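One structure below.
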Amino acid sequence: MATGVIVELQRNSPKWGDELRKKNSGLLYIELDGAVAGYVMYSWPSSLYASITKLAVKDSCRRQGYGESLLQAAIQKCRTRNVGRISLHVDPLRTPAMNLYNKLGFKVDNLIQGYYSSDRNAYRLYLDFDTN
Ligand SMILES: CC(C)(COP(=O)(O)OP(=O)(O)OC[C@H]1O[C@@H](n2cnc3c(N)ncnc32)[C@H](O)[C@@H]1OP(=O)(O)O)[C@@H](O)C(=O)NCCC(=O)NCCS
């Protein structure tokens, strides 16, 4: 990554929306020249598992390593919660995202038919780690 900085959004920030006010969730974003270049959201509903709920990098900032850096940072955050698994859903047609998740070791758990809409499926992916 060239010049972006990963920032953790603080819970008392007015930038927190309703979704982010939920307990056990977090958001990291990349700040680049004073603007947000991308972000990742994650949650850990229980000690059993965590989820990556959103990941996006601004069009003009893609292919510079920001998505990978954000995902790695979110994985580290989830690991500090001592969960053994991170799960997420992704549209199989999103090749950049599929490649990124594959690169960081995520495996396909299942194809969920009609997950996003009647004609849009999702892969459920997972990344397991040793919690010992
Ligand atoms: C997926 C996304 C976050 C990747 O962000 P990015 O900053 O461009 O990704 P990076 O530059 O960090 O690339 C990391 C890896 O992702 C994969 N990748 C990224 N863009 C890719 C592309 N256009 N084609 C193929 N693979 C791609 C590659 O494996 C790449 O590793 P490499 O550089 O060693 O080839 C970005 O494309 C995006 O915001 N897409 C739209 C939203 C989305 O699909 N989010 C995921 C929803 S689950």
| said: Students often get this wrong: which residues of segment 37-73 have the backbone nitrogen under 20 Å from the point 7 angstrom along Cα-to-C-beta of K23? | reply: 42-53
| Comparing I112, I75, I30, which has the greatest mean-square fluctuation in the GNM of the chain with Cα pairs linked when under 10 Å apart? | I112
| query | With each label point set 7 Å from Cα along the Cα-Cβ vector, what nm distance links F129 and A73? | reply | 1.6
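Rounded to two decimals, what is Rg over Rh for the chain when you use alpha-carbon atoms and the Kirkwood radius? If you can, show how the numbers build up before the last one.
Numbers: Rg = 14.9 Å, Rh = 15.5 Å.
My calculation puts Rg/Rh at 0.96.
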| field | ³J(HN,Hα), Karplus 6.51/-1.76/1.60, whole Hz, each residue of segment 72-86, x for Gly, Pro | value | 4, 5, 5, 4, 4, 4, 5, 5, 5, 8, 6, 7, x, 8, 10
| Restricting attention to segment 29-110, which trypsin sites (Lys or Arg not before Pro) occupy a DSSP loop and are surrounded by at most 16 other Cβ atoms within 10 Å? | K58, R62, R63, R81, R94
| task | Per DSSP H run of n ≥ 4, the term is -39500 (n - 2.57); total these for the chain, divide by its residue number, and report the mean residue ellipticity at 222 nm rounded to 500 deg cm²/dmol. | result | -6000 deg cm²/dmol
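Rule-based calculations on the coordinates, nothing more; no lab input. A quick note: this is a predicted structure, and the numbers were derived from the prediction, not measured. For neighbour counting, all protein chains shown are included, and Cβ atoms are generated from backbone atoms with ideal geometry for every residue, glycine included.
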